[in-house]
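Here the structure comes first, spelled out in structure tokens, and everything after it is commentary.
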Amino acid sequence: MPFLTEMKRRNCTIISFSGIDGAGKSTQIDALVGDLQERGHRVRVYAFWDNVVAFSRYRESLSLRVFKGEKGIGTPERPIARRDKNVTLWYVAVLRLFLYWLDALRLLAVSSRCETENSEFVIFDRYIYDELANLPLQYWPVRLYVRLLLLFVRKPNLAILLDADPEVAVSRKPEYPLEFVRRNRQAYLIIADIADMYVISPSPVAEMADCIREVFAKLQGGVQGTAFEATNQFAGKAETSSS
């Protein structure tokens, strides 16, 4: 994962934020964008579902019709019951294996545009990692599929996983059953291990923002190595196994 080589080849720096629903991605993205813009940098934000996913509107519409879930964003005042990525039927998993390749192709095209657009930093709100966390990763053929697909897509200069306590995340964004969110979190940690993502452990919003600034400063400063190492108690590598 040669960050420095990739940075020199590209006109812009790509940063991705991933994590379970309610992990605080939007808050941290807004904070980083604000910091960069205050320094005079040109920043663009891509929402993975809206700007990358192939046939996103058709897929959402079909999911609502078939699985009868609720549409929208859950809030503590108005919880909703979504049925999409938490559907684990075998034929749905097989369909995802095909659709995620289409999304990888789209991601390749979108990320390639970063070479020509007038942005110094491109930030992705979710990335292909967030889709891969929906797969049954307990099976080794699925993990092999993940590794092969990740060889095909462009790796961000900095891929951040915001880890979160499932109970806290569900209280912020009540959309999925707690048991699913727990499994989803473990899947994210497996993906982070495979993809060599930078994992920021659950912490208060301000402390998490400080940790992101510190990691980002290392990226700009040109830290050597194949991965960034945690430098304070709020950050760390994923402590999990892909087995």
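Computed from the coordinates by the stated procedures, all read-outs in this text should not be read as laboratory data. This one's a predicted model, so the numbers in the text were calculated from it and none came from an experiment.
With 0.36 nm allotted per residue and the present C-alpha distance subtracted, the S171-A81 stretch has 31.1 nm of extension available. Spread over its residues, the convex hull of the C-alpha atoms of the range 3-236 is 126 Å³ per residue. Within the straight-line cut-off of under 12 Å between alpha carbons, the aspartates and glutamates reachable from K71 are E60, D84, E175, sequence neighbours fewer than 8 places apart in one chain being disregarded. Per-residue ellipticity at 222 nm from helix content only, as computed over the chain with -39500 (n - 2.57) for each DSSP H run of at least four residues, stands at -15500 deg cm²/dmol.
Once the gyration tensor of the Cα atoms in the range 77-160 is diagonalised, the equivalent ellipsoid follows with semi-axes of 26, 19, 11 Å, ordered largest first. Highest mobility in the GNM of the chain, judged by mean-square fluctuation with C-alpha springs under 10 Å and restricted to Y127, Y176, Y198, is found for Y176.
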